[in-house]
1. Does residue 195 meet the test of being of a type in the set (Gly, Ala, Ser) and at pLDDT 95 or above?
2. In the range 70-82, what count of residues is obtained for those that are under 19 Å from residue 152 (Cα atoms) and crowded, with 21+ Cβ neighbours inside 10 Å?
3. If the requirement is being closer than 25 Å to residue 215 by Cβ, in contact with a strand residue (DSSP E or B) (Cβ under 8 Å, 6 or more places away or on another chain) and modelled with pLDDT of 95 or more, which of these qualifies: 103, 91?
4. With 133, 113, 154 as the choices, which residue is aliphatic (A, V, I, L, M) and in contact with a His (Cβ under 6 Å, 6 or more places away or on another chain)?
5. Could you check residue 11 against (1) over 27 Å from residue 205 (Cβ atoms); (2) in contact with a His (Cβ under 8 Å, 6 or more places away or on another chain) and say which number it fails?
6. Please go through the range 151-206 and pick out each residue that is without any contact (Cβ under 8 Å) to a residue 40 or more places away in the chain and among the basic types (Lys, Arg).
7. Have a look at 43, 49, 12 and point out the one that is under 18 Å from residue 99 (Cβ atoms) and among the charged types (D, E, K, R).
8. Please go through the range 47-86 and pick out each residue that is in a loop (DSSP other than H, G, I, E, B), more than 16 Å from the chain's Cα centre (by Cα) and among the basic types (Lys, Arg).
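The values are calculated or read from the model by the stated rules, or taken from the named source; none is laboratory data. What you see is a predicted model; the values in this text were computed from it and never measured. No Cβ is skipped: glycine too gets one built from the backbone with ideal geometry, and neighbour counts run over all protein chains shown.
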Amino acid sequence: MNSPAIDSASFETMRHAMVASQLRTNAVNDPRVVEAMSRVPREDFVPTEARALAYRDTGVALGGGRTQNPPMATGRLLTEARMAPADKVLLIGAAGGYTAAVLARLAAKVVAVESDAALVAHARAALANIGNVELVEGALAEGHAVGAPYDVIVVDGALEQVPDALVAQLAPGGRMTTGLVEHGVTRLAVGSKTSSGFGLIDFADADCATLPGFARPKSFSF
């Protein structure tokens, strides 16, 4: 027997509960981020069969081995990015388009890169009415150099190492937030590009899906 459909009012109630119980209690304290995440309907960016799961505090399977990150992880990444309304943002890992839709409310221009063709098609449909998002299909680790430099780069997932190509696309003084996998543990991290280089500082443990294409090269011993 099929589960009863959830109406828009119920989704709105679930969305506000997410804000209260998952964001505000976990240091997602930028009013603009909270407002944006309270407005964007997560249920529109996941597969139809997963809509009822959209506001849980866990990741949501999108297909093809990809996962939409839990609300807390996304909220913390966006909060630490400290975006200004005039910023140009590069999003790595657009997935179904949810984080791009949130970023569209926080920045002037969003370039969202996704490598999975099926997810690109879903995101393109979901983002059709949002005018300041450019969706690009391509390798995540390569970013989108044509649109560089970016004031902010948000990697909406976890990686083992930050490619030089992404650092090169960050404007001087620009900020990057990402999930970072070290010794099997995933933490959220933030960094900025200065005259002395680029480095990341972790700031929170998080359930954050690992993105493809960022594995650290294996070392060999003889």
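1. Working: of a type in the set (Gly, Ala, Ser): yes; at pLDDT 95 or above: no.
Spelling it out, it is not the case that residue 195 is of a type in the set (Gly, Ala, Ser) and at pLDDT 95 or above.
2. Going residue by residue through the range 70-82, those that are under 19 Å from residue 152 (Cα atoms) are 73-82.
Filter once more, keeping what is crowded, with 21+ Cβ neighbours inside 10 Å: 73-81.
Summing the residues that are under 19 Å from residue 152 (Cα atoms) and crowded, with 21+ Cβ neighbours inside 10 Å in the range 70-82 gives 9.
3. Working: 103 fails: closer than 25 Å to residue 215 by Cβ.
The match here is 91.
4. Values: 133 fails: in contact with a His (Cβ under 6 Å, 6 or more places away or on another chain); 154 fails: in contact with a His (Cβ under 6 Å, 6 or more places away or on another chain).
Only one candidate qualifies: 113.
5. Every listed condition holds for residue 11 apart from (2).
6. 187, 193
7. Details: 49 fails: under 18 Å from residue 99 (Cβ atoms); 12 fails: under 18 Å from residue 99 (Cβ atoms).
Every option except 43 fails the conditions.
8. 56
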